[in-house]
Amino acid sequence: MDAYIVDAVRTPRARAKPGKGALSGLHPQELMAQALKQLPLRTGIDVADVDDVVVGVVSQIEAQGANLARNAVLAAGWPIGIPGFSLNRFCGSGLQALSLAAMGVASGAQHLVIAGGVEQMSRYGLNADGGGTDGGNVDLRERFFQVPQGISADLIATLEGFTRQELDAWGLRSQQLAVQAQREGRFARSLFPVKNPRTGEVLLAADDHPRADTTAEKLAALAPSFIQLGARVEGPQGETLDELALRAYPRAGAVRHLHTAGTASGIADGAGAVLVASREYVRAHGLKVRARVRSVSAVGSDPVLMLTGPALAARKALDAAGLKARDIDLWEINEAFAAVVLQTARALELDLDRVNVNGGAIALGHPLGATGSILVGTALDELERRGQSLALVTLCTSGGQAVAAVLERH
């Protein structure tokens, strides 16, 4: 059985400035609810037919706790019979939601499922739940000491031999392509303006994270972000985080700290939602389909190096779809850090002209739980604009995991 994407929508991504960001004053349930409400408006579905709502959200505390998915359904004013559940696969949560929706529909157990994600990082930034990557498990740390992602990114750059100039060039490319995409309206189909639910005032109509004034010179002037973090003593024998990383990868010699604020994903608020339907539901209701989910995958990877899973997840998804990397027209590889994209592209021998063609999270921001679902819409919009067929979306996650999905335009 098949799983089809009927439509995909997203909010603009807002700079996550506490109390000042354009979306910082909106309750995250309301942010997700606005994404949900767009789908019946655009597709004409009867929301009473929705079997489930699956929402990725990483920091499930306070306003983002209490099963945000179910509360967003209620906040949207939908029938109380529609269930919802929240999930956390770190940065891959939004795409994992799509995977579960596609599985439910393809199995025949469900006919209409909404997958989505949300994160309001202006309220709940990195490690807001206090759990870190390993929950402070000292016994686990004897096996795997999971250093922070910034250290892992710099370790990957060190092992791969990437230069500061190469990373900066990717950061500049992300900004330039994102700004160009905005100017040409490439995000317009999926994007909708977020409004104040009480007054109707438009809070944000376009992504405000890209910096059009970015230059190579400005990027080169930025200081590396993780030198002090790497020197912090965290190990049981007084080891620094850099030393703990090198304990697992002694061949690196030393961790070269190369990533900056200009080559790491931006902190953002945002939400996205994707409507997934069965063949039977599509036919019975005369729906126009945008894509078929060809395959999905999830993998574990080294928890210290942490961010090299996308190549593994992509290969697994490609194998399941009976495809090769060269068959994919467009790649969306989440820009957690510049080295992640470059390492994945090198491992899969990708043509970089097919990768993140409208920029990525370095320029546009990375609202953790939402990004996976947002990228689905971004990929479909661009496939349609170009008249191409296949896209692959993949994201790395904390703890050494990755998710991927192959989408075929209908």
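Can you tell which of 299, 293, 276 is modelled with pLDDT of 95 or more and surrounded by fewer than 24 Cβ atoms within 10 Å (Cβ to Cβ)?
Numbers: 293 fails: surrounded by fewer than 24 Cβ atoms within 10 Å (Cβ to Cβ); 276 fails: surrounded by fewer than 24 Cβ atoms within 10 Å (Cβ to Cβ).
The unique qualifying residue is 299.
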Report task. Restrict the check to region 125-138 and report whether at least one residue is in contact (Cβ under 8 Å) with a residue 60 or more places away in the chain, open to solvent by less than 50 Å² (accessible area, probe 1.4 Å) and touching a strand residue (DSSP E or B) at 6+ places or on another chain (Cβ under 8 Å). Result -> no
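Can you pull out every residue in region 13-46 that is open to solvent by 60 Å² or more (accessible area, probe 1.4 Å) and within 19 Å of residue 70 (Cβ to Cβ)? If you could, list the steps in order and put the result at the bottom.
Going residue by residue through region 13-46, those that are open to solvent by 60 Å² or more (accessible area, probe 1.4 Å) are 17-20, 25, 27, 37, 41-42, 44, 46.
Result: 27, 37.
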Query - Of the criteria (1) more than 13 Å from residue 363 (Cβ to Cβ); (2) crowded, with 16+ Cβ neighbours inside 10 Å; (3) out of contact with any Phe, Trp or Tyr (no Cβ under 9 Å at 6 or more places or on another chain); (4) among the acidic types (Asp, Glu), which one residue 184 fails - result: (2)
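Inside region 266-291, can you point out the residues that are part of a strand (DSSP E or B) and within 20 Å of the chain's Cα centre (by Cα)?
We begin by selecting, within region 266-291, every residue part of a strand (DSSP E or B); these are 268-278, 291.
If the condition is that a residue be part of a strand (DSSP E or B) and within 20 Å of the chain's Cα centre (by Cα), then 268, 269, 270, 271, 272, 273, 274, 275, 276, 291 are the ones that fit.
Got at least one residue in region 151-161 being touching a residue at least 40 places away in the same chain (Cβ under 8 Å), of a type outside the set (D, E, K, R) and exposed (fewer than 15 other Cβ atoms within 10 Å of the Cβ)?
First, the residues of region 151-161 that are touching a residue at least 40 places away in the same chain (Cβ under 8 Å): 151-160.
Next cut, of a type outside the set (D, E, K, R) only: 151-153, 155-159.
Among the residues that remain, those that are also exposed (fewer than 15 other Cβ atoms within 10 Å of the Cβ) are: none.
Among the residues of region 151-161, not one is touching a residue at least 40 places away in the same chain (Cβ under 8 Å), of a type outside the set (D, E, K, R) and exposed (fewer than 15 other Cβ atoms within 10 Å of the Cβ), which makes the answer no.
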Query raised in the report: For residue 278, which of the numbered conditions (1) among the polar types (S, T, N, Q); (2) under 21 Å from residue 41 (Cα atoms); (3) out of contact with any strand residue (DSSP E or B) (no Cβ under 8 Å at 6 or more places or on another chain) fails to hold?
Result: (3)
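Among the residues of region 154-175, are any modelled with pLDDT under 95 and under 30 Å from residue 239 (Cβ atoms)? Explain how you work it out, then say what you get.
Just the residues of region 154-175 that are modelled with pLDDT under 95, to begin with: none.
No; the residues of region 154-175 include none that is modelled with pLDDT under 95 and under 30 Å from residue 239 (Cβ atoms).
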Query raised in the report: Can you tell which of 80, 61 is free of Cβ contacts under 8 Å to residues at least 12 places away in the same chain and open to solvent by 20 Å² or more (accessible area, probe 1.4 Å)?
Result: 80
Requested in this report: Kindly indicate the residue of region 189-223 that is farther than 20 Å from residue 359 by Cβ and without any contact (Cβ under 8 Å) to a residue 40 or more places away in the chain and also least open to solvent (accessible area, probe 1.4 Å) among those meeting that condition.
Outcome: 200
Query raised in the report: Restricting attention to region 343-399, and to residues there that are in a loop (DSSP other than H, G, I, E, B) and either surrounded by fewer than 24 Cβ atoms within 10 Å (Cβ to Cβ) or β-branched (Val, Ile, Thr) (or both), which single residue is farthest from the chain's Cα centre (by Cα)?
Result: 387
Requested in this report: Scan region 233-247 for residues that are out of contact with any Ser or Thr (no Cβ under 6 Å at 6 or more places or on another chain) and exposed (fewer than 13 other Cβ atoms within 10 Å of the Cβ) and jot them down.
Outcome: 236, 237, 238
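The values are calculated or read from the model by the stated rules, or taken from the named source; none is laboratory data. Quick caveat, the model's predicted, so the values are computed rather than measured. Cβ atoms come from the backbone with ideal geometry, glycine included; neighbour counts cover every protein chain shown. The accessibility values were calculated without ligands, DNA or RNA, using every heavy atom of the protein model including side chains. Shrake-Rupley method; radii C 1.70, N 1.55, O 1.52, S 1.80 Å.
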